[in-house]
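*Asks:* Following this message is one structure expressed as structure tokens.
The values are calculated or read from the model by the stated rules, or taken from the named source; none is laboratory data. What you see is a predicted model, and the numbers here were worked out from it, not measured in a lab. FYI the Cβ positions are ideal-geometry reconstructions off the backbone, even for glycines, and counts take in every protein chain you see.
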Amino acid sequence: MKKNNFFRNCLVLFLCVMIVFVGFQSSVLLTASASSYYSSAKGCVVMETTTKRKLYAKNENQKMPMASTTKIMTAITAIENCDDLDEEFEVSPKAEGVPGTSLYLRKGDVYSTRELLYALMLISGNDASVAIAEHVAGSTSEFVTLMNELAKNIGATSSHFANTHGLDADGHYTTAYDLALITSYALENDTFREIVSTKNTKITNGDGTNRYLKNKNKLLFTLDGCIGVKTGYTDDAGRCLVSAIERDGMRLVCVVLNCRPMFEESAVLLKQCAQDFKLCDVTQMYDFNRKVCVIDGRDEVAEIGTNGHFIYPLTESERQRLKFVYTLPENLQAPLEKGNEVGQVEVFLDNDLLFCEKIFTIDDIKSKTLLQRMKDFFANW
């Protein structure tokens, strides 16, 4: 009896250990899955730039300092407000001796705005930001006003800029989401995109002296498809990075604010999102009868269809969860003109409406002639 109890107790103990082990394994798997989208950043977002969809986010709407990632706004503001980027100008004394990372400009140096934009975005020259601002707008204060106006127009309504370089200052802040919006906008500009994706270049002072610049963004050298964008650091902001990649026709922007391993975490997030999400033309998945019976028409059937395209980043799981709701008539009454609105299609992801568009007639359909009506009448007599 005691022997049986011993074996039974051993069996119970074994089963308990197995249950705990399986539970532990499950928790490890769940943690591993979740950790692929983990960031230690205080604020973070990964955004697809065409749709502005957030693929991953953490405290993305929290206002915080952003250090030299400020220069993304400085650069696009200068590009859009400078009449001639290649016109050379003399650097004013106000650009000399600006604290922090510097190109070491001196009064009387002669550069073009384009050259200083490379210095701004590759080596993060704070003095270059002041020189650019003074040349483009007449003063840094006027230039900062332009920056804030552009931010508002872009939709970055939770941001405010107090300077051109990103040194800590009262009233100088953004959010991870706003910064992703600003970067998405800036990357639409060919000049901006060319500058921030440059690994190495040189600029030449008016006296013939060359300065060689190497981009501080390590991901340009290590991450496939990386096209920029900007690093940053101050005591208050911590380590900040805005990075972007282009893969499979999709452009992703990653913003990490106050993130110690900013390069490593940004690379993981961008690679994971590029792997999990694919741009999908949802309109190609429509499945409705594109022919509708016509009453009193010279043609018995009208062809119908849609005009738009809706491209959206989706995971494979999300594609399977799409739901299409069609609102269509059983028949149509002639006459019909091409482009008549006859119905609509709604696309849902789970319970969220992603997209809605109208369904139209493809061709004109005239009413039957009097002779055709008489023939129909006698045929049905």
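*Asks:* Does the range 176-187 include one or more residues that are surrounded by fewer than 16 Cβ atoms within 10 Å (Cβ to Cβ), modelled with pLDDT of 95 or more and part of a loop (DSSP other than H, G, I, E, B)?
*Replies:* Within the range 176-187, not a single residue is surrounded by fewer than 16 Cβ atoms within 10 Å (Cβ to Cβ), modelled with pLDDT of 95 or more and part of a loop (DSSP other than H, G, I, E, B).
*Asks:* While we're on this one: Restricting attention to the range 64-80, and to residues there that are of a type outside the set (A, V, I, L, M) and surrounded by 16 or more Cβ atoms within 10 Å (Cβ to Cβ), which single residue is nearest to MET250 (Cα to Cα)? If you could, list the steps in order and put the result at the bottom.
*Replies:* Residues of the range 64-80 that are of a type outside the set (A, V, I, L, M), as a first pass: 65, 68-71, 74, 77, 80.
Okay, now just the ones that are also surrounded by 16 or more Cβ atoms within 10 Å (Cβ to Cβ), so 65, 68-71, 74, 77.
On the way: PRO65: 29, SER68: 26, THR69: 22, THR70: 25, LYS71: 24, THR74: 25, THR77: 25 Å.
Top of the filtered list is THR69.
*Asks:* Exactly one condition in (1) more than 25 Å from THR50 (Cα to Cα); (2) at pLDDT 95 or above is false for GLY297; which is it?
*Replies:* For GLY297, the failing item is (2).
*Asks:* Right, something else. Which pairs turn up if I take residues in the range 349-367 that are free of Cβ contacts under 8 Å to residues at least 24 places away in the same chain and look for partners that are in a strand (DSSP E or B) with beta carbon separation below 8 Å, at least 6 apart in sequence or on another chain?
*Replies:* Short answer, once both residue conditions are applied: LEU353/GLU346; LEU353/VAL347; CYS356/GLN344; CYS356/VAL345; CYS356/GLU346; CYS356/VAL347.
*Asks:* Looking at the range 306-323, can you tell me whether even one residue there is outside any strand (DSSP E or B), of a type in the set (Val, Ile, Thr) and either in contact with a Leu (Cβ under 8 Å, 6 or more places away or on another chain) or not assigned by TED's automatic domain parsing to the domain that holds MET250 (or both)?
*Replies:* Checked the range 306-323: at least one residue is outside any strand (DSSP E or B), of a type in the set (Val, Ile, Thr) and either in contact with a Leu (Cβ under 8 Å, 6 or more places away or on another chain) or not assigned by TED's automatic domain parsing to the domain that holds MET250 (or both).
*Asks:* Give the range 324-343 a look and list any residue that's assigned to a strand (DSSP E or B), exposed (fewer than 15 other Cβ atoms within 10 Å of the Cβ) and under 40 Å from the mean Cα position of the chain (by Cα), or say none.
*Replies:* Scanning the range 324-343 gives PHE324, VAL325, TYR326, THR327, GLU341.
*Asks:* Does any residue of the range 337-344 turn out to be touching a Cys at 6+ places or on another chain (Cβ under 9 Å) and modelled with pLDDT of 95 or more? Explain how you work it out, then say what you get.
*Replies:* Step one: of the range 337-344, the residues touching a Cys at 6+ places or on another chain (Cβ under 9 Å) are 344.
Retained after the next criterion (residues that are modelled with pLDDT of 95 or more): 344.
The answer is yes, given that some residue of the range 337-344 is touching a Cys at 6+ places or on another chain (Cβ under 9 Å) and modelled with pLDDT of 95 or more.
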